[in-house]
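Working notes for the structure below.
No value in this document is a laboratory result; all are computed from the given coordinates. Here the structure is a predicted model, which is why all the values come from computation and not from measurement. Heads up, the Cβs are rebuilt from the backbone with ideal geometry, glycines too, and the neighbour counts pull from every protein chain shown.
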Amino acid sequence: MDPFSTPYMQRALLAVVLLAIAGGLFGAWIALRRLAFFTHAVGTATFPGLVIAGPAGIAAPVAALGAALVYTAGLARLLRDGRLGADAATGLLLVAALAIGSILAGDVFEAGAGVDRLLFGTLLGLSDTDLWLAGAVAALAVACTALAGRTWLATGFDPGGARALGVRSGLGDWLLLAMLALAVVAALPAVGALLVSTLLVVPSATARLLASSMRGLLGGGVALALGEGIGGLWLADAVNLPPGPAIAVLGGAVFGVVALARAAA
Amino acid sequence: MTLIDVSGLVTGYGNGSPALSGVTFALGEGQALAVLGPNGGGKTTLLRVLLGELPVLAGSCRVAGRPAYVAQSGRARLDFPVSALDVVLMGAYARTPAWRRLRRAERTRAHAMLERVGMDAQAGQRFGALSGGQRQRVLIARALLQDAPLLLLDEPFTGVDRTSEAGLLSILDELRAEGRGLLVSTHDIEHARRWDLVLCVNGAQVAFGPPADALTAHALHATYGEEMVSIDGETVAVHSHGCG
């Protein structure tokens with residue numbers, strides 16, 4: 001039987017395709033700019049926003065995006081001081097976000113706040129809003145890569161020389177972090193905070209092992225994200241697994257095989 | 001035409017205390033200036049204030065147009081999937097609107113700049129796979145594509161072998177001859193001797209003028225202090241890696 005014949009699988013397939021486009025394109029910049037930990041952290045840092053969303057009557061994606069942007073702004077501020085390394089600052093603020101979320105969930109609102117859904121997502125139960133958000137992020141990924149790609153490339157390649165090239169590095173960096181926060185929020189309903197790297201980091205990290213050009217990295221990331229996403233959905237249906245973890249396992253296996261093949265070559 | 005006119009310049013990094021002070025010099029078209037100093041002496045600080053990245057805390061600092069900057073090639077990310085041609089094309093970013101593709105004419109010019117520095121045969125090679133001297137030449141080609149009248153070069157001979165160094169010096173001589181201004185930060189006193197002007201800095205300006213006037217034993221001792229040694233009657237500066 002065709003695994004994509006049911007409406008819920010068709011919606012999951014549409015979400016995977018849209019998120020794969022966003023993940024493959026943004027993933028290239030995540031890999032090049034060493035933002036994998038940030039990408040993972042910003043998803044989990046949406047926790048306090050999601051706790052507040054229900055009691056405050058705010059739509060969950062809006063609350064999650066608000067929390068993600070507050071986290072991003074706080075991180076940028078900490079990094080500007082220069083006293084903490086990027087990883088230490090990312091981890092420090094992540095712990096703070098989790099602590100605030102836990103206190104709000106347990107002691108203030110006494111609500112579970114859909115913690116399971118935040119952590120693992122559910123590709124088979126996506127709302128129209130989730131799909132529209134994924135579509136918007138895919139469109140933004142295409143537009144931003146076309147319009148800001150040169151800025152991101154020059155800044156990442158040679159931060160000291162980028163400004164002399166007439167590149168607006170500071171604005172570009174802000175845009176990149178904000179776009180990543182948005183992409184992560186869009187991916188949360190589908191794969192959850194713990195597996196958000198599955199679509200946003202792993203395919204491009206794999207493509208990076210093979211690509212010798214930016215075009216190869218961007219195209220390879222999208223192709224791998226699509227292949228792993230659709231393949232993971234098929235696998236989930238075939239062996240009765242949750243789709244998010246199935247995509248994660250497939251992505252990890254592909255990365256492992258490529259890495260081993262490269263090491264052996 | 002004066003390309004750089006600096007008078008009584010004081011600059012720093014925002015923590016209140018100046019990193020470099022009392023700098024006064026001018027550089028015209030077709031002139032090459034060596035900025036000589038120890039690690040932490042303010043060479044890179046001077047380049048950064050000329051690029052507009054650091055504030056002028058006192059005095060004045062006027063630069064004609066936007067200078068091109070040639071960073072140390074080791075500071076670029078060598079793991080990026082970019083070719084030598086891709087790197088040179090970055091020199092056309094400022095004049096290409098974000099929504100437009102780089103024009104074919106820019107690619108043709110980028111090839112011409114690579115040809116000029118003797119690197120067109122390596123245009124398609126990954127930047128990170130090139131030698132230190134080759135990377136430096138690619139970065140100079142990028143600066144040439146910017147078409148800037150003034151080039152700021154941050155220790156361009158660091159990590160470069162003697163043969164490549166001779167090639168680089170020859171390219172810089174050509175650029176000077178065609179009227180471009182060059183400001184080259186260096187540790188090397190011998191390099192400094194071959195330029196038109198030398199500016200010695202060590203937290204503040206120590207000396208400025210033609211090499212014969214600026215590179216006196218007194219000025220060099222004030223610039224390098226304990227880092228000076230004498231070998232076979234020649235005074236040389238001993239330095240560690242890094243930059244100031």
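Enumerate the whole-percent occupancy of each 10 Å bin, from 0 to the last occupied one, for all C-alpha pair distances of the protein assembly as shown.
Using 10 Å bins, I get a P(r) of 4, 17, 23, 21, 16, 11, 6, 2, 0 for the protein assembly as shown.
Using only Cα atoms, locate the centre of region A:159-175 and the centre of region B:39-112, then give the distance between them in Å, rounded to an integer.
So the two Cα centres are separated by 10 Å.
Where does region A:73-175 land on Rg(C-alpha)/(2.2 N^0.38 Å)?
1.46
Equivalent ellipsoid semi-axes for region A:1-158, as square roots of 5 times the alpha carbon gyration tensor eigenvalues: give them largest first, rounded to whole Å.
Working: eigenvalues 147, 129, 30 Å².
Over the Cα atoms of region A:1-158, the semi-axes work out to 27, 25, 12 Å.
Evaluate 2.2 N^0.38 Å with N set to the residue count of region B:21-139, then give the Cα radius of gyration divided by it.
Details: Rg = 16.9 Å, N = 119, 2.2 N^0.38 = 13.5 Å.
This ratio for region B:21-139 stands at 1.25.
Evaluate 2.2 N^0.38 Å with N set to the residue count of region A:1-57, then give the Cα radius of gyration divided by it.
Values: Rg = 16.1 Å, N = 57, 2.2 N^0.38 = 10.2 Å.
Normalised by 2.2 N^0.38 Å, the Cα Rg of region A:1-57 equals 1.58.
Can you give the translational diffusion coefficient of region A:34-84 in µm²/s, computed by Stokes-Einstein from the Kirkwood radius over Cα pairs at 20 °C and 1.002 mPa s? Walk me through the numbers on the way to the answer.
Values: Rh = 11.5 Å.
Roughly 186 µm²/s, to the nearest whole number.
Looking at region A:46-98, which trypsin sites (Lys or Arg not before Pro) are DSSP coil and have at most 15 other C-beta atoms within 10 Å of their C-beta? Kindly include the intermediate steps, with their values, before the conclusion.
Numbers: sites: A:Arg77, A:Arg80, A:Arg83; in loops: A:Arg83.
In loop regions of region A:46-98 (DSSP not H, G, I, E or B), the sparsely surrounded trypsin sites (Lys or Arg not before Pro) are A:Arg83.
Report the Cα-based extents of region B:101-166 along its three principal axes, largest first, to the nearest Å.
Principal-axis extents of the Cα atoms in region B:101-166, largest first: 36, 27, 18 Å.
Provide the per-residue ³J(HN,Hα) series for region B:217-225, in order, calculated from phi with Karplus coefficients 6.51, -1.76, 1.60 and θ = phi - 60°, each as a whole number of Hz, with x at glycine and proline positions.
4, 5, 5, 5, 5, 5, 7, 9, x
Using only Cα atoms, tell me the angle between helix B:104-116 and the longest principal axis of chain B; keep it within 0 to 90° and round to the nearest 10.
50 degrees
For chain B, report the translational diffusion coefficient in µm²/s to the nearest whole number, using Stokes-Einstein at 10 °C, 1.306 mPa s, and a Kirkwood Rh over Cα pairs.
Details: Rh = 18.5 Å.
D = 86 µm²/s.
Please determine, in degrees from 0 to 90 and to the nearest 10, the orientation of helix B:162-177 with respect to the longest principal axis defined by the Cα atoms of chain B, where the helix direction is its Cα long axis.
90 degrees
Show the residues, 5+ positions off or on another chain, whose built amide H is closer than 5 Å to the amide H of B:Tyr69.
Those lying under 5 Å, H to H, from B:Tyr69 are B:Leu152.
For B:Ala207, enumerate residues with amide H under 5 Å from its amide H, sequence gap 5+ or separate chain, H modeled in the peptide plane.
HN-HN under 5 Å from B:Ala207: B:Cys200.
Largest first, please: the extent of the C-alpha atoms of chain A along each principal axis, to the nearest Å.
In descending order, the Cα extents are 54, 49, 33 Å.
Loop sites only, by DSSP: take the chymotrypsin sites (Phe, Trp or Tyr not before Pro) in chain B that have at most 15 other C-beta atoms within 10 Å and name the longest stretch containing none of them.
Values: sites that count: B:Tyr13, B:Trp99.
Answer from the scan: B:100-244.
Using θ = phi - 60° and the Karplus relation 6.51 cos²θ - 1.76 cosθ + 1.60, list the HN-Hα couplings for region A:122-138 in order, rounded to whole Hz, with x at every Gly or Pro.
Karplus-based 3J(HN,Hα) across region A:122-138 equals 8, 4, 8, x, 7, 8, 4, 4, 4, 5, 4, 5, 4, x, 5, 5, 4 Hz.
Return the sequence-ordered ³J(HN,Hα) values of region B:185-200 in whole Hz as given by the Karplus equation 6.51 cos²θ - 1.76 cosθ + 1.60 applied to θ = phi - 60°, using x for Gly and Pro.
7, 7, 8, 8, 5, 5, 5, 4, 5, 8, 8, 5, 9, 10, 10, 9
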